[in-house]
1. Are there any pairs with C-beta distances below 7 angstrom linking a residue in segment 208-228 that is closer than 18 Å to S78 by Cβ to a residue that is polar (S, T, N, Q) and part of a helix (DSSP H, G or I), with the two at least 6 apart or on different chains, and if so which?
2. Give the number of residues within segment 195-215 that are in a helix (DSSP H, G or I) and within 12 Å of the chain's Cα centre (by Cα).
3. Any idea which residue in segment 82-127 is surrounded by the most Cβ atoms within 10 Å (Cβ to Cβ), counting only those that are within 20 Å of L64 (Cα to Cα) and hydroxyl-bearing (S, T, Y)?
4. What are the residue pairs meeting all of these: first residue in segment 71-94, first residue within 15 Å of I218 (Cα to Cα), second residue aliphatic (A, V, I, L, M) and assigned to a loop (DSSP other than H, G, I, E, B), Cβ atoms under 7 Å, and 6 or more apart or on different chains?
5. Looking at W165, W161, which one is at pLDDT 95 or above, more than 28 Å from A226 (Cβ to Cβ) and either surrounded by fewer than 18 Cβ atoms within 10 Å (Cβ to Cβ) or under 16 Å from the mean Cα position of the chain (by Cα) (or both)?
6. So which of L45, L53, L64 ends up being of a type outside the set (K, R) and surrounded by 16 or more Cβ atoms within 10 Å (Cβ to Cβ)?
7. Looking for whichever is touching a helix residue (DSSP H, G or I) at 6+ places or on another chain (Cβ under 6 Å) and within 30 Å of I168 (Cβ to Cβ) here; the options are M26, M1, M47. Which one fits?
8. With the structure loaded, tell me whether Y107 is aromatic (F, W, Y) and touching a residue at least 60 places away in the same chain (Cβ under 8 Å) or whether it fails that test.
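The values are calculated or read from the model by the stated rules, or taken from the named source; none is laboratory data. Worth saying up front: this structure is predicted, and the values here are computed from it rather than measured. A quick note on method: Cβ atoms are made from the backbone with ideal geometry, for glycine too, and the neighbour counts reach across all protein chains shown.
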Amino acid sequence: MTLELAVRLAEIILGFAIFQQSLEFMRGLAAEKTLGLIRACLAILLMLGLQPLLVESALLVTALLFVTRYQGPYNGGSDTMTLLVLLCLWLSHLAPTRYWQEIALGYLALQLMLSYFQSGWVKVINAQWRSGTALQQVFALSAYPVSERVRLWAQRPQVLWVMSWGIIIFELIFPLALLNQTILIIALVIAALFHLANACLFGLNRFFWIWSAAYPVIIWFQARVAEVF
């Protein structure tokens, strides 16, 4: 995958993710509605590939306005990842040479890789995750409006123990996927299915789209690293 194609695909998915996020503010206060509408329009322009540098500059400004308004990310990790992807793509357009373009996109790829590894590391040092108790509590006590059928999974501790260790091991070994592009694509499919499951079970739909926005960049990055080494 070429750098240009990776950026274009990332911008399309990012635009969709931001458009989806913007719709959440349409039922808020007047100021939130206005910012949400502006971001939704900018997201459409980004998906269409019209003046990406200017559009991403405007999106960064609106993102900072939201951060200021809510004294931090509105939706935690998904907003942080949105800002990271947006900033790196913006820097890739602003970069004076291809070398600095690759630095900006390489940083995004490494941050994506670390997001999975760090998540796995936090889990493996947590006794509740190692025992499966943490995942049991997620299903039993989730604050999200999940169905009773989903909550019944909390009554299957052995299954949840296997699931817990499956998640931990996958996240910890994710960096090894950079050794081979086929393995990387398989790992990204598994990661996407994990995010999709969270979206379907717990309504965490923001994570699926914004993490997917960085996938084209890490595929390009893996090929670039393979060229060098």
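1. Hits for this filter: W209/Q20; I210/S78; I210/T82.
2. The number of residues fulfilling the criteria is 11.
3. S92
4. V85/A213; V85/A214
5. W165
6. On the way: L53 fails: surrounded by 16 or more Cβ atoms within 10 Å (Cβ to Cβ); L64 fails: surrounded by 16 or more Cβ atoms within 10 Å (Cβ to Cβ).
On inspection, the qualifying residue turns out to be L45.
7. M1
8. No, not satisfied.
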